[in-house]
Amino acid sequence: MDSEITLWVDGRRETLSVDTRTTLLDALRERLGVTSPKKGCDHGQCGACTVLLDGRRATSCLTFAVANDESEVVTAEGLAEGDEPHPVQRALLENDGFQCGYCTPGQVCSAVGMLDEVKSGWPSYVTEDLDESVELDEDEIRERMSGNLCRCGAYANIVTAIREAAE
Amino acid sequence: MTGATRATSPGPERIEGHAKVTGTARYAFEHPVADPLYLHPLRATIARGRVTSVDTTAAERVDGVRLVLTHHNAEALVPIGDPELAVLQSDEIAFRGQLIGAVVAETQESAAHAADLVEIRYERMAHDSDFRDDADIVYTPDADASPMLSPDLEEGDVDAALADAAFTVDATYTTPTEHHNPLEPHAVIAAWDDDGLTLHDSNQGSHLVRDLIAPLFGVDKERVSVISPHVGGAFGSKGMPHGHVALTALAARHTAGRPVKYALSRTQMFELVGYRPPTRQRVRLGADREGRLVATEHDSLEQTSRFKQYAEQSASASREMYTSPNRRVTNRLAALDVPAPTWMRAPGEAGGMYALESAMDELAVSAGIDPVELRLRNEPEVAPVSGLPFSSRNLPACLREGAERFGWHERDPRPGVRREGDWLVGTGVAASSFPSLFFPGSLATIRHESGGKYRVEIGAVDIGTGSRTALTQLAAEALEVPVEAVELWLGSTEQPHASLAGGSAGTASWGSTVVEAVRAFRTEHGHDPVSGAETTAGAGKNPDAGEYAMHSYGAQFAEVRVNADTGEVRVPRMLGVFAAGRIVNPRTARSQFLGGMTMGISMALHEHSVVDERFGHVVNHDLAGYHIAGNADVGSVEVDWIDEHDPHVNPVGVKGIGEIGIVGTAAAIGNAAHHATGVRVRDLPLTPEKFLR
Amino acid sequence: MKPFDYQRATDADSAISLVSGDPEARYIGGGTNLVDHMKLGIAEPGKLVDITRLPYDSVESLPDGRVRIGATVRNSDLAAEPVIRQRYPVLAQALLSGASGQLRNLATTGGNLLQRTRCSYFQDVTTPCNKREPGSGCSALEGWNRHHAVLGASERCVATHPSDMAVALAALDADVLVEGPDGQRTVPVTELHRLPGDEPERDTVLRHGELVTAVELPSLPFASRSRYRKVRDRASFAFALVSVAAAVELVEGTITDVRIALGGLAHKPWRATEAERVLRGAPATEETFRAAADAELAAARTLRDNEFKVPMTRNTLASVLRELTRQEGS
């Protein structure tokens, strides 16, 4: 069963007719050719499909496109200004925070969303005092970025990169 | 302490870095193709038997379905000796999850839905998927099962030496089935046209894929193109093409030129693309009063598949590591009705060195000798068994440098006596080793474009290792031009033939090829070549091959914390110091070591594919059930290396760094966990219940 | 996945009539569990009614001291809510221990409560499972059951409930507000989830068409000293092996009131009433903590792979109580 929806993707308005079964991730990748968000597991268990959905990081594989009519999607491609990478991307390049690159766009969106969450004062499971404001140390970054698996094992560099980008 | 340490001269950033951080680098499934169709496989739900009937009526009625393919309507493939590639050639089922058909449709959604509607009936036969030491299933692999080593080795009299030894260890270690799980699932787009077959494929060597798929379909190699500019991790699972490539190409025979796309689901990856087989290893060590080994015995039993033999040889880790006058090494296989195992990062070494280096720690404890010192006392002058000189061997330097940097000398050797809050704290060490391999047969083309710009082509692949960057550097260095003046092309059969990315041999093999091709280019065209001047050449045979024993070495140090109440294990700190010949690009090389060590942490703490022998399949077949280390599981990981100039290994002096990082990590962590708790766990992974008291 | 119709509900009444009138219809919130199940073939709804735009997206402090949490409040928003962080830290911690940041941004309060077991056999349509297909048998009973129940299980099903949030809510004596075709009702969260018994296919007492609209927390002043401790295989982003939600009221070294619920042990969040009974009025000593744990775990029945859950729970409960009573005493 098809349904017409409108999505804002990296600033572009896209109107398309989707099968209700199509996830947001598949709509982006297979219908709109936006392949920056990756399919690593298709079940919310790896984080490679993470995008900023209406400003917040979200796994795009576990939400149907049809449920996101009129939503705004920003991918790692949209975070860069042409040749100029976003500061998180710049820091990942400098710190070699990736190898194969397949988890990377999800790591980027997740990190950008995560830094906003910290700015809003959101605690994490490792935040000692829930009443206090959050200080973004390495344990906080590790915990908050644990929804993004990296099989190449670049975590140590990813943490350093995010720490630098946050400064 | 911050994450990974940074080299003073970091080397260029990854050439394809911008494309990767923005997600614009195209992986196999992402290549824009006109009018694609989507494939969803049909897979066996029994472990052994045969398909007796297939009813495709309901599936064919689904809107958008273009083809239901089974062994009834699949064309005959040419037998090329690889059972994995011989898909849909009969009704036989050799393992659960085997490919037995496919639905091809206009959308992924329709294909998946229609596949659910295909009704398959089976004749079940008894199966055996229970890995165990039982004469019914255990055999000795042929000597030619592994091209490099015979399965067994016997020197001296191990039993007599053990009987006389001052200190002995006799311990059995077990390692589980592990799955590679690269983040990019195996994926392929196949399209046939008048010129032949084009595959956009995720692999570790496009030429190898072509060389196997072309004869399978009975076509000339020149009529098959394989394009793989970016590969989202592989770790051995993309080394050989698996059944899905054949299946997709087979389906695309029926679609009148329309491309067929297929990406495996994560769950399918637990059955169709190989795994590290489980092992059961007995290690017996005997030492004299000073801790010098007088006997080394290592017997390994590993799983293989009745469907397709894969002979891993974990016990071979003990052939050349330490000096020992008496030595026995045996490798046995247990054949079961399971999918075929394959190479996984440091195949043999990862599991074998876990056993040997854990046993060395046990020996150190029983002899009351510091484990770093124990290893230094057993350092061979020439390679054991072969008697060859080492091309270079800097394990002692790695151990000493690592011990210094880690603060090893302040260590109290007593186990189970340090506690910080709820956590028991310990440290451990293990040595690493991996052979330095060189794969012959690669070619590179060097072409002077104009104005000092060069185009270098080699059909290598960058699976995340940084080969695109390292080869560009090596080409620029040999050409004596800036890195920016070299444009490197790889990742496709459009480029000259190259060996596969494996065995940590990529930079050694391809780098030597590029350097030798530049020499040939200069010989032919001089230092002021005309525009369009071009030479294709490869590297010759290494005159030192067979004259020296060639390995990388390393020493790994781990701090481990074990929760006194819950048994949870944490690794807040690791240090790896390696000696691996020339390091071409410190920035990307560090990531290779770091990545190997991180996968080693994952192996030590988490990885375990649980087989339910009643069904014959892995039950925790997704990333929520099969844990790989997440960000919070990895603390500070420091990586460094010893400057090492090795004139013998190959023309670029590179020893290989892709796999050694995972070798020894699990032992270092297990040894540290023992130091923390006094509990010796000999069964990976180190899950909390094993430390509960 | 079979084709389905999708409708976005604009008000509760129409949502309820859309679902209750159609046995194949289901509500969908954040989707993190239902979409997963549809992909796995476990759930095959013919119609989805999207409730995320219903007006249940706020957290209100009520005049009587209770706190009402709307059913569509996202897990991440709830965990960040100041009133939750200050008055019910156990709930904030439980939420933050669940899933990952990007999933918590999607997952809703109602959906989290109603998520289904992560039993591998339940999630695999090629293996028998009484919960998925009544009467087909339980594969876990004699299979891989490391993550399975040690309390309240039956011969038909040994699955555990995966939610962290629900464990904290069980400890807090929260109520679930439900609206259905026959009107509203309130179900204590401890009675929302069922034990498997002979009907493991039924996770909860909800009837088809009933919609969770809110969760209410009682005032419970001593819950400001509460804690959620989750033991798992990975340091983060993993389901609980065992978990403990606890709140303690301590007066001069004596436990005067206490709430405990356990996760990872049963088909439902396990309210540890036996442990509470031992603790209430007792001195806050290691001996009491162990006695309380033993009392609760006396009924435990372990399987091939999950024996460890008994000592792990005992130790974790003692550890949490130690910490909470140390905190309160200082």
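In chain B, what % of DSSP beta bridges are antiparallel (nearest 5)?
Once the DSSP bridges in chain B are tallied, antiparallel ones form about 75 percent.
How far apart, in nm, are the 7 Å Cα→Cβ label points at residue B:106 and residue C:125?
Taking the two extended label points, one gets 2.3 nm.
Anyone know which of A:42, A:19, A:129 comes out most mobile in the 10 Å Cα GNM of chain A?
Greatest mean-square fluctuation among the candidates belongs to A:129.
Can you list, largest first and rounded to whole Å, the semi-axes you get for the stretch B:486-549 by taking the square root of 5 times each eigenvalue of its Cα gyration tensor? It would help to have the intermediate numbers written out before the result.
On the way: eigenvalues 119, 59, 14 Å².
Semi-axis lengths for the stretch B:486-549 are 24, 17, 8 Å.
Run the helix sum for chain C: -39,500 (n - 2.57) per DSSP H stretch of 4+ residues, divided by residue count, reported at 222 nm to the nearest 500 deg cm²/dmol.
Numbers: 12 runs with 97 residues, N = 330.
Here the helix-only value at 222 nm equals -8000 deg cm²/dmol.
Checking a compactness column here: for the stretch A:44-151, what do you get for Rg(Cα) / (2.2 N^0.38 Å), N being the number of residues? All intermediate terms of the calculation are to be shown ahead of the outcome.
Details: Rg = 14.3 Å, N = 108, 2.2 N^0.38 = 13.0 Å.
The reported ratio for this selection is 1.10.
Per residue of the stretch B:94-105, what does 6.51 cos²θ - 1.76 cosθ + 1.60 with θ = phi - 60° give for ³J(HN,Hα)? Whole Hz please, x for Gly and Pro, Karplus curve as stated.
Residue by residue, the stretch B:94-105 yields 10, 7, 6, x, 4, 5, 10, x, 7, 10, 10, 9 Hz.
In a GNM of chain C with a 10 Å cut-off on Cα contacts, which of C:193, C:147, C:208 has the highest mean-square fluctuation?
Result for chain C, Cα springs under 10 Å: C:208 fluctuates most.
What nm distance separates the two modelled labels at residue C:14 and residue B:289, each placed 7 Å from Cα along Cα→Cβ?
9.3 nm
Roughly what % of DSSP beta bridges within the stretch B:443-538 run antiparallel, to the nearest 5?
Beta bridges within the stretch B:443-538, antiparallel portion: roughly 70 percent.
What angle do you read, to the nearest 10 degrees and between 0 and 90, between the alpha-carbon axis of helix A:155-166 and the longest principal axis of chain A?
So the helix axis and the longest Cα principal axis differ by about 90 degrees.
How are the C-alpha pair distances of the stretch B:458-526 spread across 10 Å bins, as whole percents from the shortest bin up?
21, 55, 22, 1
Which of the chymotrypsin sites (Phe, Trp or Tyr not before Pro) across the stretch C:239-319 are loop residues per DSSP, with 15 or fewer other Cβ within 10 Å? Intermediate results must be reported in sequence, preceding the final value.
Numbers: sites: C:239, C:270, C:289, C:308; in loops: C:239, C:308.
For chymotrypsin sites (Phe, Trp or Tyr not before Pro) across the stretch C:239-319 that sit outside H, G, I, E and B with at most 15 neighbouring Cβ atoms in 10 Å, the list is empty.
Take the stretch B:611-693, drop everything but the C-alpha atoms, weight them equally and run the Debye formula without solvent; then report log10 I(q)/I(0) at 0.19, 0.22, 0.24, 0.25 Å⁻¹ to two decimals.
Debye curve over Cα of the stretch B:611-693, log10 I(q)/I(0) at q = 0.19, 0.22, 0.24, 0.25 Å⁻¹: -1.08, -1.22, -1.29, -1.32.
Take the stretch C:223-329, compute every pairwise Cα distance, and split them into 10 Å bins from 0; I just need the percent in each bin.
Going from the shortest bin to the longest, the percentages are 16, 51, 27, 6, 0.
Quick one: work out Rg over Rh on the C-alpha atoms of chain C, Rh as Kirkwood radius.
On the way: Rg = 19.5 Å, Rh = 20.2 Å.
My calculation puts Rg/Rh at 0.97.
Under the Kirkwood approximation applied to all pairs of distinct alpha-carbon atoms, what is the hydrodynamic radius of the stretch B:19-67 in Å? Before the final figure, lay out the partial values.
Working: mean 1/r = 0.0664 Å⁻¹.
About 15.1 Å, per the Kirkwood formula over Cα pairs.
Can you figure out the FRET efficiency of residue B:33 with residue B:373, using R₀ = 51 Å and their beta-carbon distance, to the nearest 0.05? Walk me through the numbers before you get to the answer.
On the way: r = 61 Å, r/R0 = 1.19.
For R0 = 51 Å, the calculated efficiency reads 0.25.
Enumerate the calculated ³J(HN,Hα) couplings along the stretch B:398-407 in order (Karplus 6.51 cos²θ - 1.76 cosθ + 1.60, θ = phi - 60°), each rounded to whole Hz, writing x wherever the residue is Gly or Pro.
Each residue of the stretch B:398-407 in turn: 5, 5, 5, 5, x, 4, 4, 6, 7, x Hz.
Taking the Cα atoms only, what angle lies between the long axis of helix C:286-297 and the longest principal axis of chain C, rounded to 10 degrees?
Around 30 degrees separate the two axes.
Starting from the Cα gyration tensor of the stretch C:189-232, take the square roots of the eigenvalues, sort them a ≥ b ≥ c, and report rounded, prolate or oblate (rounded when a/c is under 1.5, otherwise prolate if a/b is larger than b/c, else oblate). Mind dumping the intermediate values first?
Details: a/c = 2.95, a/b = 1.56, b/c = 1.90.
Cα axes put the stretch C:189-232 in the oblate bin.
With only alpha-carbon atoms counted, please give the Rg and Dmax of the stretch C:173-259, in Å.
17.0, 51
Gaussian network model of chain C, Cα springs within a sub-10 Å range: biggest mean-square fluctuation belongs to which of C:205, C:244, C:19?
Most flexible of the set in this elastic network: C:205.
By average Cβ neighbour count within 10 Å, what is the ranking of B:70-83, B:560-573, B:444-457 from highest down?
Numbers: B:70-83: 14.4, B:560-573: 23.4, B:444-457: 18.6.
The packing order, highest mean first, is B:560-573, B:444-457, B:70-83.
Across the Cα atoms of the stretch A:2-79, what radius of gyration and what greatest pairwise Cα-Cα distance (Dmax) are found, in Å?
When restricted to Cα atoms, the stretch A:2-79 yields Rg and Dmax of 10.9, 30 Å.
Restrict the search to the stretch C:138-186; then list the GluC sites (Glu not before Pro) that DSSP places in a loop and that have at most 13 other Cβ atoms within 10 Å of their Cβ.
Values: sites: C:142, C:155, C:179; in loops: C:142, C:155.
Loop-located and lightly packed - C:142, C:155.
Computed on alpha carbon atoms, what radius of gyration and Dmax characterise the stretch B:1-136, expressed in Å?
Over the stretch B:1-136's Cα set, Rg and Dmax evaluate to 22.2, 66 Å.
Students often check this: by mean Cβ neighbours within 10 Å, which of B:659-665, B:92-98 ranks highest, and how do the rest follow? Show your work: numbers first, answer last.
Values: B:659-665: 31.6, B:92-98: 22.6.
Taking the mean over residues of other Cβ atoms within 10 Å, the ranking is B:659-665, B:92-98.
If you average the C-alpha positions of the stretch A:1-60 and of the stretch A:76-96 separately, how far apart do those two centres end up, in angstrom?
That distance is 21 Å.
Could you give log10 I(q)/I(0) at q = 0.13, 0.15, 0.20, 0.29 Å⁻¹ for the stretch C:275-330, computed by the Debye formula over C-alpha point scatterers of equal weight, without solvent?
Normalising to I(0) and taking log10 leaves -0.34, -0.44, -0.70, -1.16.
Sort largest first and round to whole Å: the equivalent ellipsoid semi-axes of chain B, each the square root of five times a Cα gyration tensor eigenvalue.
On the way: eigenvalues 335, 224, 105 Å².
Here the semi-axes work out to 41, 33, 23 Å.
What is the spin-label model distance, in nm, from residue B:309 to residue B:143 if the labels are put 7 Å beyond Cα along the C-beta direction?
1.4 nm
With +1 assigned to the C-beta of every Lys and Arg and -1 to the C-beta of every Asp and Glu, and no other charges, what is the dipole magnitude of the protein assembly as shown about the Cα centre in debye, to the nearest 20?
Values: 117 positive and 168 negative charges, 231 e Å.
Dipole magnitude for the protein assembly as shown comes out near 1100 debye.
Identify the GluC sites (Glu not before Pro) of the stretch B:341-447 meeting these criteria: DSSP loop state and at most 12 other C-beta atoms within 10 Å of the C-beta.
Numbers: sites: B:349, B:357, B:362, B:373, B:381, B:401, B:404, B:410, B:420; in loops: B:381.
Qualifying residues, ordered by number: B:381.
At 20 °C and 1.002 mPa s, grab the translational diffusion coefficient of the protein assembly as shown from Stokes-Einstein with a Kirkwood Rh over Cα pairs, rounded to a whole number in µm² per second.
Numbers: Rh = 30.9 Å.
Calculated translational D: 69 µm²/s.
If I fit a long axis through the Cα atoms of helix A:104-119 and take the longest principal axis of the Cα atoms of chain A, what angle between them do I get, 0 to 90°, rounded to 10?
The answer is roughly 60 degrees.
Enter the Cα centre distance for the pair the stretch C:179-215 and the stretch B:315-343, rounded to the nearest angstrom.
The stretch C:179-215 and the stretch B:315-343 have Cα centres separated by 56 Å.
With N set to the residue count of the stretch B:297-419, report its C-alpha Rg divided by 2.2 N^0.38 Å to two decimal places.
Details: Rg = 17.5 Å, N = 123, 2.2 N^0.38 = 13.7 Å.
That works out to 1.28 for the stretch B:297-419.
If I model the stretch C:5-50 as equal point scatterers sitting on the Cα atoms and use the Debye formula, what is log10 I(q)/I(0) at q = 0.31 Å⁻¹?
At q = 0.31 Å⁻¹ the computed log10 ratios are -1.15.
Values in this text are rule-based calculations from the coordinates and carry no lab data. Note that the structure is predicted; figures quoted are calculated from it, not measured. Neighbour counts are summed over all protein chains in view; Cβ atoms, including those assigned to glycine, are modelled from backbone coordinates with ideal geometry.
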